[in-house]
Amino acid sequence: MLKRLPEFVDPWRSADQKRVFSGRIALDQLPRLAGVLARAAGEATYELGFERDEKRRVRIRGGVGATLTLECQRCLEAFDLLVDTTLDLAVVEGSAEAELLPEAIDPVLAEAGMLRLLDLVEEELLLSIPQVPMHALEACPARERGDTARGQPRQPAGETERRGQERHPFAVLSQLKKDTTS
């Protein structure tokens, strides 16, 4: 088991040697992920084991974990998302080979016969982030301030009354139609 994550590995050689890479990496070392986070503090843990399956495919099994600090899109305050993801990947050399994999196995493309393991760890963390990150509704500070009702922004006082009094843009056309029919 190696503690240091090499920049590139040959997945076929690593599978034949049944290599396992594990350790920790600072979140600020992952530039794409750091750009999404509210605060790139802390570190991610990873374990990536290479092996061959019964069909002699190169497989990467393991996991990636971290506590990611994201910005809640409801209240715009920071919150922590605990990530603990399991990997089950098959190394492929092209899209045709990826099409032949069972749905339960995700493909990972080895460009020029090599894999950059740091990218693999970063992509797993990025994929674990929800499309719209938010606190749980009961834990969101916006709810305590009364800014939400079932997760929707609350209308300012008097907004609903004003909407009824607003002039609609096609009201003039309606009046013209009445004038021409009479």
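The values are calculated or read from the model by the stated rules, or taken from the named source; none is laboratory data. Source: prediction; values computed, not measured. All Cβ positions, glycine included, derive from the backbone under ideal geometry; neighbour counts span all protein chains shown. Just so you know, the surface numbers come from the protein's heavy atoms only, side chains and all, with ligands and any DNA or RNA stripped out. Shrake-Rupley method; radii C 1.70, N 1.55, O 1.52, S 1.80 Å.
Please go through the range 36-53 and pick out each residue that is under 19 Å from the mean Cα position of the chain (by Cα), more than 11 Å from Ala26 (Cβ to Cβ) and aliphatic (A, V, I, L, M).
Val36, Leu37, Ala38
Do you know which residues across the range 113-133 are in a loop (DSSP other than H, G, I, E, B) and surrounded by 15 or more Cβ atoms within 10 Å (Cβ to Cβ)?
Narrowing the range 113-133 to residues in a loop (DSSP other than H, G, I, E, B): 113, 128-133.
Answer for the range 113-133, where residues must be in a loop (DSSP other than H, G, I, E, B) and surrounded by 15 or more Cβ atoms within 10 Å (Cβ to Cβ): Ser128, Ile129, Pro133.
Could you check the range 95-112 and list, in sequence order, the residues that are among the small types (Gly, Ala, Ser), at pLDDT below 90 and assigned to a loop (DSSP other than H, G, I, E, B)?
Ala104, Ala112 - these are the residues of the range 95-112 that are among the small types (Gly, Ala, Ser), at pLDDT below 90 and assigned to a loop (DSSP other than H, G, I, E, B).
All but one of (1) in a strand (DSSP E or B); (2) surrounded by fewer than 14 Cβ atoms within 10 Å (Cβ to Cβ) hold for Ile60; which doesn't?
(2)
Note down all Cβ pairs under 8 Å where the first residue falls in the range 33-57 and is farther than 17 Å from Leu118 by Cα and in a strand (DSSP E or B), the second is of a type outside the set (Asp, Glu) and open to solvent by less than 40 Å² (accessible area, probe 1.4 Å), and they're at least six residues apart or on different chains.
Arg39/Thr69; Glu51/Ala15; Glu51/Val58; Glu51/Arg59; Arg52/Ala15; Arg52/Val58; Arg52/Arg59
Restricting attention to the range 71-112, which residues are open to solvent by 20 Å² or more (accessible area, probe 1.4 Å), in contact with a Lys or Arg (Cβ under 7 Å, 6 or more places away or on another chain) and not small (Gly, Ala, Ser)?
If the condition is that a residue be open to solvent by 20 Å² or more (accessible area, probe 1.4 Å), in contact with a Lys or Arg (Cβ under 7 Å, 6 or more places away or on another chain) and not small (Gly, Ala, Ser), then Asp88 is the only one that fits.
Might you check whether a residue that is touching an Asp or Glu at 6+ places or on another chain (Cβ under 6 Å), surrounded by fewer than 18 Cβ atoms within 10 Å (Cβ to Cβ), farther than 18 Å from Trp12 by Cα and at pLDDT below 95 occurs anywhere in the range 135-155?
yes
Is at least one residue of the range 7-14 part of a loop (DSSP other than H, G, I, E, B) and open to solvent by 10 Å² or more (accessible area, probe 1.4 Å)?
At the first step, the residues of the range 7-14 found to be part of a loop (DSSP other than H, G, I, E, B) are 7, 10.
Add one more test, that the residue is open to solvent by 10 Å² or more (accessible area, probe 1.4 Å), and what stays is 7, 10.
Yes: one or more hits.
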